[in-house]
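K.L.:
My structure is below; once you've seen it, I'll send some questions.
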Amino acid sequence: MNDLAGKHIVLGLSGGIACYKAAELCRALIKAGASVQVVMTDAAEHFITAVTMQALSGRPVFTSQWDARTSAGVDNNMPHINLSREADAIVVAPASADFMAKLLHGRADDLLSLMCLARPLDKVPLILAPAMNREMWAHPATQRNVAQLRADGATVLDVGAGDQACGETGDGRMLEAEELLYEVVRFFAPKALAGQHVLVSAGPTFEAIDPVRGLTNLSSGKMGFAIARAAHEAGAQVTLVAGPVSLPTPRGVGRVNVKSALNMQKTLDLLSQQATVFISAAAVADWRPAQMTEQKIKKDGSGQVPTLSFVENPDILAGIAATARARSGALYCVGFAAESHDLLTHAQAKRARKGVPLLVGNIGPDTFGQDDNALLLVDEQGSTELPRASKLQLARQLVGEIARRLPAARP
Ligand code: C5P
């Protein structure tokens with residue numbers, strides 16, 4: 001997806017084995033629609049060549065402040081000025097311990113640090129992706145530098161944990177290219193839900209018949225997971241309660257896995273007490289078997305089939321919305337409706353039945369398992385259509401629509 005269309009990123013590499021990940025990051029940024037100008041330090045050139053980075057970025061790489069080539073179309077022999085002026089952000093990945101120490105002191109004896117110092121602070125954000133040995137990362141000097149760089153306005157990303165090139169194990173690995181791409185995309189996202197705690201339910205439920213069988217549905221969980229991601233991009237603290245799906249957890253999102261509707265209800269009831277927004281995208285089973293047998297129901301060869309009886313599951317959303325009304329609007333609830341026809345009529349009726357301010361309708365057979373969808377938002381004022389698009393694009397639009405409707409956003 002073209003999440004970074006129109007963005008120009010200066011990708012800086014300082015010295016570290018994680019330079020190999022910068023090659024992947026460069027590709028990922030370009031794939032996401034950004035243009036990328038690479039700047040490397042001498043130390044970085046020990047780990048990866050400028051030739052590789054030029055081939056991937058499609059632009060000559062700059063490595064020296066004395067480089068007299070035309071930079072950003074200007075012939076003044078000042079690459080540190082020209083390259084930084086056209087950037088929407090400077091992303092230094094990897095940012096070594098030494099490079100961060102240098103930045104902290106405003107030192108500028110190589111092109112990359114010079115460019116970071118010379119950038120207009122109010123226009124060109126600086127994003128640093130640290131990469132180093134675990135002892136270097138944990139050292140008070142590094143932690144002090146990270147804190148001060150943040151105080152000076154840089155965005156210092158967290159580090160990954162695990163095996164390190166030196167053979168040790170711990171914190172200090174640079175984030176993976178996909179994670180870094182997500183952080184860059186998130187950086188540019190409007191922070192419409194800053195300060196909110198968003199609870200999202202997603203996926204189907206599984207109602208056990210016996211220890212090996214159960215009743216479930218075709219919900220893939222993709223819409224709910226996309227909403228969780230979009231809410232996190234928009235600055236919220238996000239908790240995702242997921243039925244049985246095998247989707248990866250969006251970065252930065254807390255996840256609780258549940259199985260049955262009763263399981264989901266217990267978890268959501270508890271978590272909704274801390275939330276300010278609840279988005280109920282889960283496809284909760286309407287019924288569950290009246291009894292779960294402890295042992296597998298066996299075929300006995302007689303041709304006799306078992307008889308199953310069902311009981312209705314509680315309406316989780318309606319219950320939480322009722323509690324929210326009693327708490328006088330401290331929690332904004334959003335319901336979903338998967339219909340097969342007459343979307344508007346059904347969505348309006350469901351909104352009233354569930355007692356929620358906003359209900360999101362979609363056509364079930366058109367969305368289950370798909371990567372795209374179309375939504376119809378129904379609230380007190382009327383209805384709004386969000387035309388067919390990817391689930392992530394729709395999730396981002398929905399998050400914006402929810403943010404506009406929150407009590408604090410109303411005039
Ligand atoms: O009644 P219906 O299943 O169509 O309602 C859909 C909406 O209600 C969704 O937001 C779904 O998450 C929620 N729901 C629920 N508990 C149920 C059934 C649906 O919270 N038992």
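Quick note: the coordinates plus some simple rules give every number you see, no bench work behind them. Note that the structure is predicted; figures quoted are calculated from it, not measured. All Cβ positions, even for glycine, are placed from backbone atoms using ideal geometry, and neighbour counts span all protein chains on display.
K.L.:
List, in the order given, every pair from 266/354; 7/222; 354/391; 299/354; 259/391; 298/350 whose Cα-Cα distance in the structure shown is over 30 Å.
P.N.:
The answer is 299/354; 298/350.
K.L.:
Based on the Cβ-Cβ distance from residue 210 to residue 2, what FRET efficiency comes out when R0 is 35 Å, to the nearest 0.05?
P.N.:
0.15
K.L.:
Could you tell me the center-to-center distance, by alpha carbons, between region 201-252 and region 169-194 in angstrom?
P.N.:
The distance from the Cα centre of region 201-252 to that of region 169-194 comes to 22 Å.
K.L.:
Picking from 205, 181, 151, whose Cα lies most toward the positive end of the charge dipole for the chain (charges on Cβ: Lys, Arg +1; Asp, Glu -1)?
P.N.:
Checking the options against the dipole of the chain, the answer is 205.
K.L.:
Calculate for the chain the 222 nm mean residue ellipticity that helices alone would give, adding -39,500 (n - 2.57) per DSSP H run of length 4 or more and normalising by residue count, nearest 500 deg cm²/dmol.
P.N.:
On the way: 15 runs with 142 residues, N = 411.
That comes out to -10000 deg cm²/dmol.
K.L.:
Got a sec? Which residues in region 352-376 would a label at residue 323 touch, if it sits 7 Å along Cα→Cβ and we count backbone N under 18 Å?
P.N.:
Only 354-357 pass the distance filter.
K.L.:
Using only the Cα atoms of region 226-366, build the gyration tensor, take square roots of its eigenvalues as a ≥ b ≥ c, and label the shape rounded, prolate or oblate: rounded if a/c is under 1.5, else prolate if a/b is larger than b/c, else oblate.
P.N.:
Taking the square roots of the gyration eigenvalues as a ≥ b ≥ c, region 226-366 is prolate.
K.L.:
Give the average over all directions of the projected area of the C-alpha convex hull of the chain, one decimal, in nm².
P.N.:
Seen from a random direction, the Cα hull of the chain projects 26.0 nm² on average.
K.L.:
What's the FRET efficiency of residue 312 with residue 20 using the Cβ-Cβ distance as r and R₀ = 51 Å, to the nearest 0.05?
P.N.:
0.35
K.L.:
Give the residue from 196, 9, 39 lying farthest towards the positive end of the charge dipole for the chain; charges sit on Cβ (+1 for Lys and Arg, -1 for Asp and Glu) and the dipole is referred to the Cα centre.
P.N.:
Of the options given, the answer is 196.
K.L.:
Starting from region 8-113, pick out the chymotrypsin sites (Phe, Trp or Tyr not before Pro) whose DSSP state is loop and whose Cβ has at most 15 other Cβ atoms within 10 Å.
P.N.:
Of the chymotrypsin sites (Phe, Trp or Tyr not before Pro), the ones in loops of region 8-113 whose Cβ has at most 15 other Cβ atoms within 10 Å are 66.
K.L.:
About its Cα centre, how strong a charge dipole does the chain have in debye, to the nearest 20, once Lys and Arg get +1 and Asp and Glu get -1 at the Cβ? Intermediate values should be presented prior to the final figure.
P.N.:
On the way: 40 positive and 40 negative charges, 179 e Å.
Roughly 860 debye for the chain.
K.L.:
Now a separate question. Take every Cα pair under 8 Å in region 135-269 that's 6+ residues apart, average their separations, divide by the length, and report that relative contact order as a whole percent.
P.N.:
Once divided by the residue count of region 135-269, the mean separation gives 20 percent.
K.L.:
Determine the shape class of region 134-271: with a ≥ b ≥ c the square roots of the Cα gyration tensor eigenvalues, call it rounded for a/c under 1.5, and otherwise prolate if a/b is greater than b/c, oblate otherwise.
P.N.:
Cα axes put region 134-271 in the prolate bin.
K.L.:
Over the alpha-carbon set of region 8-188, work out the extent along each principal axis and list the three values in angstrom, largest first.
P.N.:
Result, largest extent first: 46, 31, 31 Å.
K.L.:
Still on this model: Select from region 248-316 those trypsin sites (Lys or Arg not before Pro) which occupy a DSSP coil region and have at most 13 other Cβ atoms within 10 Å, ordered by residue number.
P.N.:
Of the trypsin sites (Lys or Arg not before Pro), the ones in loops of region 248-316 whose Cβ has at most 13 other Cβ atoms within 10 Å are 296, 298, 299.
K.L.:
While we're on this one: Once R0 is set to 45 Å, what does the formula 1/(1 + (r/R0)^6) return for the Cβ-Cβ distance between residue 266 and residue 54, expressed as a FRET efficiency to the nearest 0.05?
P.N.:
0.20
K.L.:
Continuing with this model, one more query. For residue 388 and residue 256, calculate 0.36 nm times their separation in residues minus their Cα-Cα distance, and state this gained length in nm to one decimal.
P.N.:
This chain segment gains 44.6 nm when fully extended.
K.L.:
Defining a contact as two alpha carbons under 8 Å apart and six or more residues distant in sequence, what relative contact order in percent does region 1-94 show?
P.N.:
Computed over region 1-94, the figure is 37 percent.
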